[in-house]
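The values are calculated or read from the model by the stated rules, or taken from the named source; none is laboratory data. Here the structure is a predicted model, which is why all the values come from computation and not from measurement. No Cβ is skipped: glycine too gets one built from the backbone with ideal geometry, and neighbour counts run over all protein chains shown. Ligands, DNA and RNA are stripped out before the accessible areas are found, and what is left, the full protein with its side chains, is counted by its heavy atoms. Shrake-Rupley method; radii C 1.70, N 1.55, O 1.52, S 1.80 Å.
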Amino acid sequence: HARHAPATAIVLALVFAALAPVGLPGTAHACTCEGDTTISERFAVADAVFVGEAVEVRTARAGDAAEFERRYVFRVADVFKGDVYELQSVVSSTDAAACGLPWDQEGAIALVFGYAAGSATALPGELYASSCTTGPLGVLPDAPEFATARTPIDGASPIRIAAQEASPGGSV
């Protein structure tokens, strides 16, 4: 039996090495974005691009299918691409390691690059965004895509998480 111990240790080491990239419970991973992209490249692949202020942040209750996502409700100021409502719901992960948006409070003004796909729980009309392409706005990029803005669509996009299900203490 002693002769098999090193073989067993090697097999176990290989199993753990193979599982590590998938992630064992409790394993932390950093957000990794796909290389450096230009503003024009991000603009080209986004379904919607807008500037808005986060007026509410909604988080689902534990056990809900969307419990690991936040809904940022933005009051949209300027639309540069796509169908965007005055009040637009944007879905992102609650986990910064999964490239979730890095803030959890209202008041952030952001340049949002939104995508129609990226969340299994998003309703049609909700957008998905990550910290790789969306963040607080300092100044509007000096790129031709941002030369002309239009107003958003009247009303609100669908928002999967109801206001009464917002995180404790209301909108944070």
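Among the candidates ILE153, ILE159, the residue that is modelled with pLDDT under 95, in contact with a strand residue (DSSP E or B) (Cβ under 6 Å, 6 or more places away or on another chain) and open to solvent by 30 Å² or more (accessible area, probe 1.4 Å) is uniquely ILE159.
Looking across ALA96, ALA60, ALA66, one residue alone is at negative phi, open to solvent by 60 Å² or more (accessible area, probe 1.4 Å) and not charged (D, E, K, R). It is ALA96. Residues satisfying the criterion are present in the stretch 45-64 (criterion: in contact (Cβ under 8 Å) with a residue 24 or more places away in the chain, under 18 Å from ALA120 (Cα atoms) and β-branched (Val, Ile, Thr)).
Working carefully through the options THR121, THR148, find the one that is out of contact with any Cys (no Cβ under 8 Å at 6 or more places or on another chain), farther than 25 Å from THR37 by Cα and part of a loop (DSSP other than H, G, I, E, B). None of the other options fit; the residue is THR121. Within the stretch 15-49, the residues that satisfy the criterion of being among the hydroxyl-bearing types (Ser, Thr, Tyr) and either modelled with pLDDT under 75 or under 15 Å from the mean Cα position of the chain (by Cα) (or both) are THR27, THR32.
Within the stretch 44-55, the set of residues being acidic (Asp, Glu) and either open to solvent by less than 40 Å² (accessible area, probe 1.4 Å) or farther than 25 Å from ALA97 by Cβ (or both) comprises GLU53 only. Here is a check on your reading of the model: is GLY82 touching an Asp or Glu at 6+ places or on another chain (Cβ under 6 Å) and either open to solvent by less than 20 Å² (accessible area, probe 1.4 Å) or closer than 13 Å to VAL49 by Cβ (or both)? Answer is yes for this residue. Take the residues in the stretch 131-142 that are without any contact (Cβ under 8 Å) to a residue 60 or more places away in the chain and part of a loop (DSSP other than H, G, I, E, B); name whichever of them is nearest to ALA162 (Cα to Cα). If we take residues in the stretch 131-142 being without any contact (Cβ under 8 Å) to a residue 60 or more places away in the chain and part of a loop (DSSP other than H, G, I, E, B), then THR134 is nearest to ALA162 (Cα to Cα).
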